[in-house]
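Each reported figure results from applying straightforward, stated rules to the coordinates on display, with no laboratory input. These numbers come from a predicted model, not from an experiment. Counting neighbours? That spans all protein chains shown, and the Cβs are built from the backbone with ideal geometry, glycine included.
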Amino acid sequence: MLILTSSIQTSAQETPKTTPLIANLTSHTKNFSQEKVHLHLDKYVYAAGDTIYLAGYIVNAVKNIPSDQSKILYIELIGNGQQVLKSTKSQIVAGFTSASINLPDTLREGAYQIRAYTNWMRNFDNRFFFTREISILNQSIIARSINSKVQIPANQLAESKVTVVQNSANGKVATTYEVGFYPEGGQLVNGLESRVGFKAVDRQGKGISVKGIVLDGSGRQMADFVSGHAGLGMFKLKPDYSQTYTALVTLPDGRNQEIKLPVVAQSGYIITADNSNPDTLHITLQTTADLVKKRKMTFLPLSNGVPLFYMETDLPDRQVYISVPKSKLPGGIIQLSLINDLYQPVSERLVFNKYLESVNLNVSGLKPSYQKGEDVVLELDTKDQLGKPMMGSFSVSVTQSID
C-alpha cells in the first residue's frame with residue numbers, strides 16, 4: 001500500500017514541468033483549442049408543428065470565455081435512428097447566437113435530439129457536440145406495434161447496455177426502457193474491486209426505478225442494486241476472470257431482464273475515486289499483481305484538456321493512494337487518466353469538482369399576471385461570491401404553466 005499526498009498538494013495549481021507527454025498535450029491544446037456549445041431551449045416538450053426557439057452560447061473550452069474562432073453554428077434535429085430530420089445555420093456574434101426550428105406536423109410522437117456544433121468542432125470527436133433530448137407529442141399519429149427486442153453493443157469492454165422495447169397494445173405507443181452498466185475506470189479487472197455504475201431510462205430519457213441482483217456464471221449472487229435519483233445507481237464488484245456476470249433487472253412493469261456485464265480483463269489497471277469528502281478528493285490507482293513495477297506510468301488529471309499536474313510511478317504496490325485538496329483544483333469536470341510509457345491511456349475516470357466560484361442571479365420586477373400583449377419588464381442583478389457586479393449574456397424562456 002502506498003499513500004501519496006504532499007507532492008500532489010503543492011503542484012495542483014502550478015504549471016507542470018516539461019516532459020514529452022506534458023509538452024505534447026500542452027502543444028495540442030494550444031494549437032487545437034476546442035470550443036464548447038450550450039443551447040438554452042424555450043422548453044423540452046413540444047407538439048408536432050411547434051417552433052423551437054433557442055439561444056446559443058459558444059465558448060473557448062479551456063478559458064470558458066466567448067469564442068471568436070467560429071462564425072456559424074450548425075443546429076440539427078435528430079430522429080430515433082440518428083438521421084438528421086431538420087437542420088439550420090445561425091451566425092455567431094461575440095460567442096452568442098439565436099435561432100428557431102419549425103417542427104413538421106408529421107413527426108411521430110417520441111424522443112428526439114437537438115444537436116449543435118461549429119465547423120471547427122467537427123475536427124474532434126462528435127461526443128463533444130452539444131446534445132439535448134426533447135419530447136415531441138403527436139396525438140394524430142399512433143406509433144405502430146413493435147416486437148420485443150434486445151440490442152447489445154458489440155464493445156462489451158466499454159459498457160453493457162440493452163434497449164428493451166415492450167409490445168404496444170390497444171393503439172398505445174410502445175414502452176421502451178434502456179439500462180446500461182458502466183465499470184469505474186473503464187473495465188472490470190480480475191481481482192480488483194471497483195464500483196459499477198448503472199443508468200436506467202425510458203424512451204424520453206427520464207430516469208426509471210429498477211432493482212436487481214448480479215449473478216456469476218454458477219448462479220451465485222454477487223451483488224444487489226436499486227436505482228436512485230434519475231434512474232442512477234451503483235454497486236461494488238470484485239470480479240473473477242474465470243467467471244461471467246449477469247445482471248437480473250426488474251423493470252417498472254414487473255418484468256425481469258437479463259443483461260450481461262462487460263467481460264472481465266485478466267490483468268490491467270483501474271482508477272477509482274472517492275468524491276464524498278467536501279475538502280479532499282481521494283484517488284486509488286489499482287493494478288493486478290503481474291503489472292506491479294513493470295512499466296513507467298503517468299497519472300495525469302486534466303481540465304478542459306489542460307494538464308493540472310502529473311505523477312510518474314512504476315506502481316510499486318497493487319494500490320497507490322493519492323489525496324488532492326479540492327481547493328487546488330478548478331471547478332467542473334476533471335478527467336483522471338493513467339497513461340503508460342507508450343502514451344496510451346489504460347484507465348480513465350471523470351469526477352466533478354463543485355465550483356468554488358458562483359454567480360448569484362436575482363430577478364425582480366415580475367408581476368403575478370399580465371394582460372395579453374402587455375410588455376414584461378424585469379431586472380437582472382448578477383454578482384459574484386464576493387458581492388461584486390458581473391457582466392454576462394442572458395437568455396429567458398417563457399412557457400405556459402400547466403395547473
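Computed extension length for Y321-N102: 73.5 nm, one decimal, from 0.36 nm per residue of separation with the Cα-Cα distance subtracted.
Sorted fewest first by neighbouring Cβ atoms within 10 angstrom, E76, E258 come out as E258, E76. Short to long, the 10 Å bins of the Cα pair-distance histogram for the stretch 282-403 hold 10, 28, 19, 14, 14, 10, 4, 1 percent of all pairs. Counting Lys +1, Arg +1, Asp -1, Glu -1, what net charge surrounds E76 among other residues with beta carbon under 9 Å of its beta carbon? Taking every Cβ under 9 Å from that of E76, the sum is +2. For the stretch 247-293, the fraction of C-alpha pairs farther apart than 17 angstrom is 63 percent.
Could you give the distance between the Cα centres of the stretch 62-76 and the stretch 252-289, to the whole Å? So the two Cα centres are separated by 35 Å. Extension gain, R127-K296: 0.36 nm per intervening residue step, less the Cα-Cα distance, totals 57.8 nm. Note on V263, V189: ascending count of other Cβ atoms within 10 Å places them as V263, V189, the fewest first. Kirkwood-type hydrodynamic radius, the stretch 35-137: 13.9 Å, calculated from all non-identical alpha-carbon pairs. Estimated from the Cβ-Cβ distance and a Förster radius of 25 angstrom, the FRET efficiency linking V59 and S209 is about 0.10. Basic side chains Lys and Arg get +1 at the Cβ, acidic Asp and Glu get -1 at the Cβ, and with that the dipole of the stretch 237-321 about its Cα centre reaches some 260 debye.
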